[in-house]
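Novice: Here it is, the structure, as structure tokens.
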Amino acid sequence: GCPGLVDRAAGVVRWLPNLAGGWRGVELASRLADELAAPAYLMNDVRLAALGELRHGFGQQRRGASFVLVTLGTGVGGAVVVEGSLRLGFADAAGELGHLPIDPGGARCGCGQRGCLETVASAPALVGEATRMLLSGQSPGLAEELERRGRGETGADPGAGVDVEAIAAAAAAGDDAMGRCLDRCAEALATGLAQTVLLLMPDAILLGGGVAGIGEPLRARVERQLRARVTMVPVEQIEILLAPLGGRAGVLGGVALAAAGGEVRR
């Protein structure tokens, strides 16, 4: 499983926008096969995780369902399952939700465009905004959380140790600034998902990745914001869930891909 765009048939990485150098044209599958002395198959990591959910997770709980998996981590990734089949689309690129433009005048994204969803809803974006609030004195709760963790020693970088877990803990303890951070993330995600819902009308949206580890506080915010943004269709009937397999989805997707000899039914 590899982030970014890959040529699945050739086993070649096309472009990894969030990694230095971009890895353009890296023949990753053959290199791994040589190192491991075993067949190796290559696939986008979130599409692979969706295959895991389809074969071993949500797709087994709701056979034949349509769902969207969105992962919130270093970037924002996505995958689409339509009526029980993983939809890969042209260039195996269906589901790149992180690069939906939600703010044309926003920050520059790793893909080169401005205002992509992942410039607001990814882990680096969330941590960056929280750090800004901390350093400007707006988040005493986050400062207390870092102090509790032993990250606030005299002379230390005052922003050191800010991570998703610390943000979630401060928000849960009642820090308004960190609550607004989570609100901003949820609002951006709901804006992108509103477009996805109106195009696809899936049965469910699954939230995965490290940021989704925040759990119910984030899930509930996303659900509330999505319902506020979609009024034409009965969005309340679409389930907003934490991905059942969590961090195991990619591994189990790899198992499913290997078992099928690298083939994925469209």
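Novice: With a Förster radius of 22 Å, plug the Cβ-Cβ distance of Arg149 and Arg224 into 1/(1 + (r/R0)^6) and report the FRET value to the nearest 0.05. Show your work: numbers first, answer last.
Specialist: Details: r = 30 Å, r/R0 = 1.35.
Calculated transfer efficiency: 0.15.
Novice: Right, here's the next one. Let me know the Kirkwood hydrodynamic radius for the range 1-135, please, with Cα pairs as the basis and the value in Å to one decimal.
Specialist: Working: mean 1/r = 0.0622 Å⁻¹.
Its Kirkwood hydrodynamic radius stands at 16.1 Å.
Novice: Here is a follow-up. If you rank Ser139, Ser30 by how much accessible surface each has, with a 1.4 Å probe, what is the order from largest down?
Specialist: On the way: Ser139 5, Ser30 55 Å².
The ordering from most to least exposed comes out as Ser30, Ser139.
Novice: Related question: Pick from Gly192, Gly208, Gly110 the residue whose mean-square fluctuation is largest in a GNM of the chain, springs joining Cα atoms under 10 Å.
Specialist: Of Gly192, Gly208, Gly110, the Gaussian network model singles out Gly110 as fluctuating most.
Novice: Of the accessible area of the chain, with the probe set at 1.4 angstrom, what percent is carbon plus sulfur? Mind showing how you got there, number by number?
Specialist: Details: 6630 of 12610 Å².
With neighbouring chains kept in place, the figure for the chain is 53 percent.
Novice: At 0.36 nm per residue, and after removing the present C-alpha to C-alpha distance, how many nm does the segment from Glu27 to Arg63 gain when stretched out fully?
Specialist: Values: separation 36, 0.36 × 36 = 12.96 nm, distance 3.52 nm.
Contour length minus the Cα-Cα distance gives 9.4 nm.
Novice: Further, regarding this structure: If the viscosity is 1.306 mPa s and the temperature 10 °C, what translational diffusion coefficient in µm²/s does Stokes-Einstein give for the chain when Rh comes from Kirkwood over Cα pairs? Before the final figure, lay out each step's value.
Specialist: Numbers: Rh = 19.3 Å.
The estimated diffusion coefficient comes to 82 µm²/s.
Novice: Sort 123-131, 80-88 by packing, meaning the average of other beta carbons within 10 Å per residue, with the highest value first. It would help to have the intermediate numbers written out before the result.
Specialist: Values: 123-131: 20.4, 80-88: 18.7.
The most tightly packed comes first, giving 123-131, 80-88.
Novice: Before I look further, what does the range 49-169 give for accessible area per residue, probe 1.4 Å, in whole square angstrom? List each step's numbers first, then the result.
Specialist: On the way: 5290 Å² over 121 residues.
Normalised by residue count, the accessible surface of the range 49-169 is 44 Å².
Novice: If a paramagnetic tag sat 7 Å from the Cα of Ala93 along the Cα-Cβ line, which residues of the range 7-47 would have the backbone N under 17 Å from that point?
Specialist: Output list for this probe position: 7-19, 22-26, 43-47.
Novice: Further, regarding this structure: Pop a pseudo-label 7 angstrom from the Cα along the beta-carbon direction at both Val82 and Met201 and give the gap in nm to one decimal.
Specialist: In this crude spin-label approximation the distance works out to 1.4 nm.
Novice: Using a 1.4 angstrom probe, figure out how much accessible area the range 173-266 has per residue, in square angstrom, rounded to the nearest whole. Walk me through the numbers before you get to the answer.
Specialist: On the way: 4460 Å² over 94 residues.
Here the per-residue accessible area is 47 Å².
Novice: Here is a further query. Whenever you get a sec, line up Leu16, Leu135 from highest to lowest accessible area (probe 1.4 Å, protein heavy atoms). Show your work: numbers first, answer last.
Specialist: Details: Leu16 5, Leu135 110 Å².
Ranking Leu16, Leu135 by accessible area, largest first, yields Leu135, Leu16.
Novice: So which helices of the chain fit the span-like rule, where a helix is a whole DSSP H run, its Cα atoms reach 27 Å or more along the axis, and its mean Kyte-Doolittle is at least -1.0?
Specialist: On the way: long enough: 176-200 (35 Å, 0.71).
The answer, listed by residue number, is 176-200.
The values are calculated or read from the model by the stated rules, or taken from the named source; none is laboratory data. Predicted model, so just to flag it, every value in this text is computed and none were measured. So basically every Cβ, Gly included, is an ideal-geometry build from the backbone, and we count neighbours across all protein chains shown. We work out accessible area using only protein heavy atoms, side chains counted, and drop any ligands, DNA or RNA first. Shrake-Rupley method; radii C 1.70, N 1.55, O 1.52, S 1.80 Å.
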